[in-house]
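Structure, as structure tokens:
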Amino acid sequence: MMPVPKRNPGCGKVCLRAVPIKENYKLKRTFLLLLLAAVPATFVPVSALAQVNPEAAPGPTQAAPYKYEVYAGLAYSRLRQVPVSFSGLLGGKVSVARDFGRYFQLMGSGDYYKVGTGHAGLPSPGNPSIYTFLVGPALHASLYGNLSGVVFAEVGGEHTGGEHMTPSISFAGGFGGGLAYDLSPRFAVQLTGDRVAASFSLPNNTPQLGNSTNRTWNVRGTIGVVYRF
């Protein structure tokens with residue numbers, strides 16, 4: 001505590017009481033400790049500014065938060081709705097997906113298959129083709145390192161051409177999944193597969209037979225490239 005000035009009748013002027021020696025020692029020790037604590041504290045803001053938050057800075061393999069992705073690739077589809085024809089068709093697939101949050105996607109895809117494969121020894125395999133337009137939800141997540149996975153469900157329509165199938169466009173739906181390997185934050189190589197059901201009448205079915213339909217499941221596979229933006 002600071003000394004308090006008081007009037008001393010004996011000396012006729014303002015005098016200061018002496019501070020006890022023990023209290024004076026405590027004041028000096030407290031001041032010294034505060035001084036020692038203040039010196040390193042002045043350097044803390046400088047070192048803190050020089051540091052980088054590791055969570056804020058993306059790692060070399062961390063994908064940027066893109067909202068859209070486009071996928072295109074070569075595709076194969078089993079051909080079960082045409083009894084005496086190729087076992088499968090080759091073609092292509094294109095899809096567009098929109099991310100909503102970290103795991104959820106809404107995706108739409110279009111497929112076209114024309115080149116026949118398998119059962120090439122048949123005398124008249126016909127000239128079948130397939131195209132589909134499907135939409136549905138998807139869930140995707142990182143698995144390990146640059147590898148990620150996706151599962152999805154899909155509904156839409158399917159058309160079988162070249163065989164006078166009824167109906168012209170059938171309701172279709174299915175499910176599938178895939179794996180993607182990131183080459184960079186924007187590009188990835190992806191392998192997907194799905195199983196899609198549709199209902200068509202058998203060839204040469206007539207209205208007298210009610211154009212009865214036969215539901216078939218086609219297994220499909222695609223390998224292609226993903227671009228994110």
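The values are calculated or read from the model by the stated rules, or taken from the named source; none is laboratory data. What you see is a predicted model, and the numbers here were worked out from it, not measured in a lab. Note that we place each Cβ from the backbone using ideal geometry, even for glycine, and neighbour counts take in every protein chain shown.
Descriptive notes on the structure:
- Single unsatisfied condition, Met165 versus (1) surrounded by 14 or more Cβ atoms within 10 Å (Cβ to Cβ); (2) part of a strand (DSSP E or B): (2)
- Test: Glu163 is in contact (Cβ under 8 Å) with a residue 40 or more places away in the chain and either farther than 29 Å from Val226 by Cα or aliphatic (A, V, I, L, M) (or both): yes
- Of everything in segment 183-197 that is more than 25 Å from Gln81 (Cα to Cα) and touching a Lys or Arg at 6+ places or on another chain (Cβ under 9 Å), the residue that is surrounded by the most Cβ atoms within 10 Å (Cβ to Cβ) is Ala188.
- Sole residue being surrounded by fewer than 18 Cβ atoms within 10 Å (Cβ to Cβ) and in contact with an Asp or Glu (Cβ under 8 Å, 6 or more places away or on another chain), chosen from Phe100, Phe175: Phe175
- When every residue of segment 149-159 is checked against the conditions, at least one turns out to be at pLDDT 95 or above, out of contact with any helix residue (DSSP H, G or I) (no Cβ under 7 Å at 6 or more places or on another chain), in a strand (DSSP E or B) and under 16 Å from Gly88 (Cβ atoms).
- Taken over segment 68-88, the residue count meeting the criterion of being at pLDDT 95 or above and either in a loop (DSSP other than H, G, I, E, B) or among the aromatic types (Phe, Trp, Tyr) (or both) is 3.
- Qualifying residue in segment 136-144 (condition: of a type outside the set (A, V, I, L, M, F, W, C), more than 13 Å from Ala97 (Cβ to Cβ), in a strand (DSSP E or B) and over 17 Å from the mean Cα position of the chain (by Cα)): no
- Hey, Ser124 exposed (fewer than 11 other Cβ atoms within 10 Å of the Cβ) and either modelled with pLDDT under 95 or among the aliphatic types (A, V, I, L, M) (or both) or not: yes
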